Structures are given as C-alpha cells and as structure tokens.
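Each remark here refers to the structure printed beneath this line.
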Amino acid sequence: MTAKTRSRALIALGVVAAIAALLFHYKQRDSYRCQICFATKSVFQWRMGGWGAPSIPLTPGWERLTETRFQRDFLSTNHVHTWIFAQGSPYYFFGTTWGGCAIGAGRHVSELCQMYETSPAFRSFLAHELRDGSLTKSNFIALASIQRTGESAPLQKDADALMEKFYSQKIGN
C-alpha cells in the first residue's frame with residue numbers, strides 16, 4: 001500500500017467515524033423516584049451506539065435532583081432516599097429529539113403527595129389539621145408514603161378518609 005493510498009484510507013476512516021459520531025450518539029436519561037418523599041433523580045450520559053443495545057459511554061454521567069415540597073416540609077435534611085427506576089429515554093440529534101422510553105414502577109406518586117404538591121387549598125387544610133391535632137406529622141408522612149402494591153394497604157382507608165374530609169370541607173365552604 002502506498003503512502004497516498006494509506007492517507008486516503010485514513011481520511012475515509014476519519015470521515016466514517018465522524019459521520020458515525022454525528023448519527024449514532026444519544027443522551028441517555030434515566031429517572032428515579034424516591035418512594036418516601038417522591039423526589040426525582042435524573043442521571044444523564046452521552047453515549048454512542050444503539051439505545052437498548054451495546055453502547056459506549058462518551059462522557060461521565062451526571063445527576064440532577066429535584067426535591068418535592070413534601071420532602072422540604074415534612075422530612076429531615078438527612079432523609080435517605082429509596083430510589084426506584086421510573087423511566088429511561090434516549091435523546092437523539094444532540095439531545096433534542098426524544099426517542100422512546102422504558103417505564104418502571106417508580107413513576108407513581110401517592111394521591112396525597114400529589115395534592116400536597118399541587119393544591120394550596122389542600123396544604124392550608126393540612127396545616128389546619130396539624131395545628132388542631134386531628135393529624136400528626138408522622139401520620140401524614142406514613143399516609144402520603146404508602147407503597148403502591150396490588151393489595152390494599154392498611155393505611156389506605158385513613159388516606160382515603162383524609163381526602164374525603166378535604167373534599168367534603170371544600171364543598172361545605
């Protein structure tokens with residue numbers, strides 16, 4: 001092989017590698033949810049190859065944590081998270097185009113926690129319940145953190161009763 005042929009082969013190989021890097025890279029995002037406080041953790045990493053197939057990491061992974069109001073208001077700062085996989089997705093074309101997902105059991109949030117996160121009226125109702133002693137902080141934590149299973153949790157009746165009390169109080173006003 002002559003020097004000129006070798007040079008052309010290296011250039012062709014470089015062009016193929018550059019095109020492969022442009023077309024076959026993706027940003028992997030795996031999301032997890034704490035089953036106690038419902039905070040989320042997303043882990044990102046640039047990879048080359050196919051999602052769901054062997055791939056090569058191009059960068060170290062990095063994380064982004066998102067706290068919940070429930071976590072800030074009810075749990076201690078040294079709370080130890082119980083992470084469960086919620087969703088994984090590839091993002092193609094420089095991380096701009098979603099490419100599907102894998103879904104896990106950790107994506108669920110309790111109804112009480114959803115209400116606490118989204119409803120100022122529910123937070124006000126809950127503050128009143130805590131002030132007058134109808135509900136304790138530890139009991140609300142237990143009710144809001146009920147694990148989702150196929151069976152009815154023993155505390156589910158109490159959680160349902162609290163929601164019913166909130167809705168009936170709202171209707172009564």
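The values are calculated or read from the model by the stated rules, or taken from the named source; none is laboratory data. Here the structure is a predicted model, which means the values were calculated and not measured. We work out accessible area using only protein heavy atoms, side chains counted, and drop any ligands, DNA or RNA first. Shrake-Rupley method; radii C 1.70, N 1.55, O 1.52, S 1.80 Å.
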Residue-normalised accessible area of the stretch 32-173, expressed per residue, 1.4 Å probe, Å²: 60
Take the solvent-accessible surface of the protein heavy atoms, probe 1.4 Å, and return the percent of it on the stretch 27-82 that carbon and sulfur atoms account for. 53
Pick from Ser134, Ser55, Ser31: which is most flexible by mean-square fluctuation in a GNM of the chain where alpha carbon atoms under 10 Å apart are linked? Ser134
The chain: most fluctuating residue of Val15, Val109, Val80 per GNM, C-alpha cutoff 10 Å: Val15
Add -39500 (n - 2.57) for each DSSP H run of 4 or more in the chain, then divide by its residues: what number comes out at 222 nm, to the nearest 500 deg cm²/dmol? -13000 deg cm²/dmol
Could you estimate the translational diffusion coefficient of the stretch 1-106 from the Stokes-Einstein equation, with Rh from the Kirkwood formula over C-alpha pairs, at 10 °C and 1.306 mPa s, in whole µm²/s? 97
Among Phe44, Phe140, Phe93: highest mean-square fluctuation, GNM of the chain, C-alpha pairs under 10 Å: Phe93
Applying the Karplus parametrisation 6.51 cos²θ - 1.76 cosθ + 1.60 with θ = phi - 60° to the phi angles of the stretch 24-31, what ³J(HN,Hα) value in whole Hz is obtained for each residue in order, glycine and proline being reported as x? 10, 10, 7, 9, 8, 10, 10, 10
Averaging sequence separations of C-alpha pairs under 8 Å and six or more residues apart, then dividing by the length of the stretch 51-173, give the relative contact order as a whole percent. 18
Apply the Karplus parameterisation 6.51 cos²θ - 1.76 cosθ + 1.60, with θ equal to phi minus 60°, to every residue of the stretch 116-128 and state each ³J(HN,Hα) to the nearest whole Hz, in sequence, with x for glycine and proline. 5, 5, 10, 10, x, 5, 5, 4, 5, 4, 5, 4, 5
C-alpha center-to-center spacing [the stretch 94-123, the stretch 3-75] in angstrom: 22
